[in-house]
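Here is the structure we will look at, set down as structure tokens.
The values are calculated or read from the model by the stated rules, or taken from the named source; none is laboratory data. Here the structure is a predicted model, which means the values were calculated and not measured. Ideal geometry is used to build each Cβ from the backbone, glycine not excepted, and the neighbour counts take in all protein chains shown. For the accessible areas, the whole protein counts, side chains as well, though only heavy atoms, and no ligand, DNA or RNA atoms are used. Shrake-Rupley method; radii C 1.70, N 1.55, O 1.52, S 1.80 Å.
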Amino acid sequence: MGALFLSHTAHAVNWQEGMKVGNPNIAAAGSIAFGPEGILFIADAKSAAVHAIATGDTTTPHGQASVKIEGINLKLAALLGTSADEILIQDVAVNPASHKVYLSVSRGRGPKAIPVLAKVDHAGNISVLDFNNVSFSSAVLPDAPPDAEVGEGRRQSNPRQESITDIAFLEDRVLVAGLANEEFTSSTLRGIPFPFKTISAGTSVEIYHGAHGRFETRSPVRTFVPFHIGTEPHLLAAYTCTPLVQFPLKSIEPGAKIIGKTIAELGNRNRPLDMIVYEKDGEDYLLMANSSRGIMKISTKNIENFEKIEERVEGGGIKGLPYETIENWTGVDQLDQLDDDHAVLLVRAENGALNLESRPLP
Amino acid sequence: MLPDDMNPTRSITLLCSLVRTILILGTIQNCSSSLSGGTIEWIMKEGAAAPAGVVASGFGDFATSVGPLIDTPDTWEPKLKVYVIQPGSNIVEPLPILGTYSKTKDGVAFTPRFPFSERMVYRAQFDVPPIGSAVKQHFTSEWKSSAPPKSPSTVVSQIYPSSDRVPENLLKFYLVFSDSMSGGDVYDHIHLYDENNQEVELPFLELGQELWDTPMKRLTLFIDPGRIKRGVKPLEDIGPSLVAGHAYKLVVDAEWKDANRLPLVKPFQKSFIVAEPDRTAIDPAQWKKQIPKAGTSSPLIIRFGEPLDVALAQRLIEVRQKEGVPVKGQVKLTDHETEWSFTPDAVWKDGHYVIRATTILEDLAGNNIGKPFEVDVFDSVQRWITEEYVDIPFRIR
């Protein structure tokens, strides 16, 4: 989800520093995002970790990238030897180094589900990554909330888990948005420096929403996307309570408390599923897949000077940045940017099949 | 021919998908007699519910007759393919299952990359390429579990909060199941109905990454915070998911499948009444303590005066000796999560202790210790607690 990376520090960085060859032992593959040089980040909520895998997939083939696979869930089920309803596609991300599409898949729906990463090449062939003997490094999520110490057995059976709602790579950090299955209070956004270091585990910040400058609440992030305002790296984030906010990357500092600047208020039934930012004709746009309407295309032209919303929002629809709805893009579960001119979408067709297809960016 | 741990207990007669005359061998082959004695075997390991792999063998005569058709794994590999048949259909995607091949004495073995499941039907196909004037042959064998179908056995064993009275700004439910469940579509199976039996539209926070515990026996179901938080658009447009003074029922469909892909034994329903919203921070100074005597292992009891979040009250309240050493014991929440009791593993000793409560503890509306769920920033009178925990001292005599 929202897995763009925009730019990297100019000096040479050995992005594979600290990686070793072996099996990262991924317990669950959720959101995925690409970093530089074909490095894939995998959110593993079950292990409370993020894994980085050097895919080695770094060559862009000639010709225009185009993808169309109908019933990709059926095809994955065939390859993985199971039924189509045992295939859950968790996320879709494009490797910007090769324009190939990667899918994070769960083979099975129960506690013994097996994480799978599938790759779709430009000929439409699906292959499955072998996790044995890959170059990888892993980082455990920083600042896991505390446990009381009342009994030896309790800790083992602690049912607390954190769900990772989205990850992205920006500049030199992996950003991880999470939501605990117990305390709402510990919903955080974490920044983990990459290449992963053993000493610095990264920082987590408390994310707040200030409704109309008055009511302040902890606000888990559902999905987010890196975005530059001028030269300053920012994040655009959709809160679970629906406001769309922005904040600068540099605010993700140890102990920080961030109140996102609200730039749009989405109404009910608006569940942002995924977002990308792209450039067209010299202007930047935000494209947001949404549970209730077609894709929303939002011009970010005036985002820099946009006054945050502090007034009460009356009536239906959304308030804030101007947007248009791309009505014929319906049923979009996932999206990412395939190349300069195309997006790749995971679309739920009316017959229930899941199709992976590319379309020109609107 | 087979590894020692593989025991072929299920050998299925070869079926010809096409009955043809193999002129080149000068004999007529049919479905019931294998081609030159060739077989396709599904390898069952002791106690396993599904095969570990497939072996095609005994096609050697054929190879001998027509030359080195089957000499290396490379030339064997494309000849043996295994497919999965989607339940309820005969549709087979023309993509074979991923796996590895190895050459056996007179055949080829296939091991799937991901284990076969006893719930599926698999088809192995051995292809003999056209030779001379003969037509390409497909020999197939299907595997299907012969075990009797299992009956549903999983139920919803508990829903928290267990009380039949919740605040309007209730933040979450926990659904507890008797066994591991399947995820991925949980929100399709959970419904909230008002007292007129009308379904409440989108009352819950629906997340792509569902909030399960590791064994997938407990699901956390947040109420959509957009319909709790004051000043956000969903609440202002259509109001809260739960309205004070009204009755509701939470219904869990029986169609929701457990981890064995079996439905629940029966649907589950919890009826409750909604009370006024609770916007007050948890105040441990109001907790009533029942302190046991030294030399006993009677429980230490705290009565909160309100229900607290069941998971957090179990996890985030502990007992320490004054010097900070944690006291080991067992915690129980009773009386609809309004009462916390702690039974020590060893008898209480005379001395000073503290009850330590982490301030991120929540009540049913997500209010913390010393800090409500929504902080009114215009209210400068109140001072919110920012410490990580509060200690409540007590003495055992």
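List the strands (runs of 3 or more DSSP E) that sit entirely inside segment B:185-257 and contain at least 2 residues that are more than 19 Å from residue A:217 (Cβ to Cβ) and away from chain A (no Cβ under 11 Å). First the steps, then the outcome.
Working: elements: B:190-194, B:218-222, B:247-252.
Once the strands (runs of 3 or more DSSP E) in segment B:185-257 are filtered for at least 2 residues that are more than 19 Å from residue A:217 (Cβ to Cβ) and away from chain A (no Cβ under 11 Å), what remains is B:190-194, B:247-252.
Go through segment A:58-88 and give me each residue that's more than 10 Å from chain B (Cβ to nearest Cβ) and not polar (S, T, N, Q). Break it down stepwise before answering.
Taking segment A:58-88 and keeping what is more than 10 Å from chain B (Cβ to nearest Cβ), we get A:58-70, A:72-73.
Passing the criteria: A:61, A:62, A:63, A:65, A:67, A:68, A:69, A:70, A:72.
Given the conditions (1) modelled with pLDDT under 90; (2) assigned to a strand (DSSP E or B); (3) aromatic (Phe, Trp, Tyr), which single one is not true for residue A:278?
Every condition holds for residue A:278 apart from (1).
Please determine, by comparing only the residues of segment B:316-327 that are open to solvent by less than 70 Å² (accessible area, probe 1.4 Å) and not in a strand (DSSP E or B), which one is farthest from residue B:160 (Cα to Cα).
So the first thing to find is which residues in segment B:316-327 are open to solvent by less than 70 Å² (accessible area, probe 1.4 Å), and the list is B:316-321, B:324, B:326-327.
Filter once more, so that each one left must be not in a strand (DSSP E or B): B:316, B:324, B:327.
Values: B:316: 17, B:324: 32, B:327: 27 Å.
Checked segment B:316-327; the qualifying residue farthest from residue B:160 (Cα to Cα) is B:324.
Quick one: in segment B:91-112, of everything that is in a loop (DSSP other than H, G, I, E, B) and within 14 Å of chain A (Cβ to nearest Cβ), which residue is least open to solvent (accessible area, probe 1.4 Å)? So that I can check it myself, show each step before the final result.
The first filter runs over segment B:91-112 and keeps only residues in a loop (DSSP other than H, G, I, E, B), leaving B:91-98, B:104-106.
Checking which are within 14 Å of chain A (Cβ to nearest Cβ) leaves us with B:91-98.
On the way: B:91: 115, B:92: 41, B:93: 37, B:94: 108, B:95: 52, B:96: 39, B:97: 9, B:98: 42 Å².
Ranking the qualifying residues of segment B:91-112, first place goes to B:97.
Give the residue that is least open to solvent (accessible area, probe 1.4 Å), with candidates limited to residues of segment A:104-143 that are free of Cβ contacts under 8 Å to residues at least 12 places away in the same chain and part of a loop (DSSP other than H, G, I, E, B).
Checking each candidate, the answer is A:110.
So, in segment B:157-176, of the ones that are within 13 Å of chain A (Cβ to nearest Cβ) and outside any strand (DSSP E or B), which residue ends up nearest to residue B:223 (Cα to Cα)?
Only one residue tops the list, namely B:171.
Can you name the residue in segment A:88-103 that is open to solvent by less than 10 Å² (accessible area, probe 1.4 Å) and among the hydrophobic types (A, V, I, L, M, F, W, C) and, of all such residues, is farthest from the chain's Cα centre (by Cα)? Quick ask: steps written out before the conclusion?
Step one: list which residues in segment A:88-103 are open to solvent by less than 10 Å² (accessible area, probe 1.4 Å), which gives A:91-95, A:98, A:101-103.
Still in the list and also among the hydrophobic types (A, V, I, L, M, F, W, C): A:92-94, A:101, A:103.
Details: A:92: 9, A:93: 8, A:94: 12, A:101: 14, A:103: 12 Å.
Top of the filtered list is A:101.
Hey, can you tell me all the residues within segment A:281-305 that are at pLDDT below 80, assigned to a loop (DSSP other than H, G, I, E, B) and open to solvent by 30 Å² or more (accessible area, probe 1.4 Å)?
Within segment A:281-305, A:291, A:292, A:293, A:301, A:302 meet the criteria.
Any residue at all in segment A:9-23 that is crowded, with 18+ Cβ neighbours inside 10 Å, in contact (Cβ under 8 Å) with a residue 24 or more places away in the chain and closer than 17 Å to residue A:140 by Cα?
Checking segment A:9-23: at least one residue is crowded, with 18+ Cβ neighbours inside 10 Å, in contact (Cβ under 8 Å) with a residue 24 or more places away in the chain and closer than 17 Å to residue A:140 by Cα.
Which residue out of A:267, A:315 is within 14 Å of another protein chain (Cβ to nearest Cβ), open to solvent by less than 40 Å² (accessible area, probe 1.4 Å) and at pLDDT below 85?
Result: A:267 is the single residue among A:267, A:315 that is within 14 Å of another protein chain (Cβ to nearest Cβ), open to solvent by less than 40 Å² (accessible area, probe 1.4 Å) and at pLDDT below 85.
May I ask you to verify whether residue B:198 is closer than 30 Å to residue A:238 by Cβ, without any contact (Cβ under 8 Å) to a residue 24 or more places away in the chain and of a type outside the set (A, V, I, L, M)?
Values: closer than 30 Å to residue A:238 by Cβ: yes; without any contact (Cβ under 8 Å) to a residue 24 or more places away in the chain: yes; of a type outside the set (A, V, I, L, M): yes.
It is true that residue B:198 is closer than 30 Å to residue A:238 by Cβ, without any contact (Cβ under 8 Å) to a residue 24 or more places away in the chain and of a type outside the set (A, V, I, L, M).
Can you confirm whether residue B:285 is open to solvent by 30 Å² or more (accessible area, probe 1.4 Å) and part of a loop (DSSP other than H, G, I, E, B)? Break it down stepwise before answering.
Values: open to solvent by 30 Å² or more (accessible area, probe 1.4 Å): yes; part of a loop (DSSP other than H, G, I, E, B): no.
Judged against the criteria, residue B:285 is not a match.
When residues of segment B:128-149 are filtered for being touching a Leu at 6+ places or on another chain (Cβ under 8 Å) and either in a loop (DSSP other than H, G, I, E, B) or at pLDDT below 80 (or both), how many remain?
9
What about residue B:303, is it more than 29 Å from the chain's Cα centre (by Cα) and assigned by TED's automatic domain parsing to the domain that holds residue B:373?
Details: more than 29 Å from the chain's Cα centre (by Cα): yes; assigned by TED's automatic domain parsing to the domain that holds residue B:373: yes.
So residue B:303 fits the description; yes.
Which members of segment B:372-390 meet the condition of being closer than 20 Å to residue B:318 by Cβ, out of contact with any Pro (no Cβ under 7 Å at 6 or more places or on another chain) and either facing chain A (nearest Cβ under 10 Å) or at pLDDT 80 or above (or both)?
B:387, B:388, B:389
Quick check, is residue B:150 outside the structural domain of residue B:222 (by TED's automatic domain parsing) and touching a residue at least 24 places away in the same chain (Cβ under 8 Å)?
On the way: outside the structural domain of residue B:222 (by TED's automatic domain parsing): yes; touching a residue at least 24 places away in the same chain (Cβ under 8 Å): yes.
Yes.
When only residues in segment B:175-199 that are within 10 Å of the chain's Cα centre (by Cα) and polar (S, T, N, Q) count, which is most open to solvent (accessible area, probe 1.4 Å)?
B:180
If the Cβ limit is 8 Å and pairs must be 6+ apart or interchain, which residue in segment B:261-275 that is within 14 Å of residue B:167 (Cα to Cα) and modelled with pLDDT under 95 pairs with which residue that is part of a loop (DSSP other than H, G, I, E, B) and open to solvent by less than 50 Å² (accessible area, probe 1.4 Å)?
none
Check B:342, B:394 and return the single one that is out of contact with any Asp or Glu (no Cβ under 8 Å at 6 or more places or on another chain), crowded, with 18+ Cβ neighbours inside 10 Å and among the aromatic types (Phe, Trp, Tyr).
On the way: B:394 fails: crowded, with 18+ Cβ neighbours inside 10 Å.
After applying the criteria, what remains is B:342.
Name the residues in segment A:238-263 that are assigned to a strand (DSSP E or B), within 21 Å of residue A:287 (Cβ to Cβ) and either touching a Gly at 6+ places or on another chain (Cβ under 6 Å) or among the charged types (D, E, K, R) (or both), would you? If you could, list the steps in order and put the result at the bottom.
The initial filter retains those residues of segment A:238-263 that are assigned to a strand (DSSP E or B), namely A:238-239, A:243-248, A:257-259, A:261-263.
Filter once more, so that each one left must be within 21 Å of residue A:287 (Cβ to Cβ): A:238-239, A:243-247, A:261-263.
Matches in segment A:238-263: A:245, A:247, A:261, A:263.
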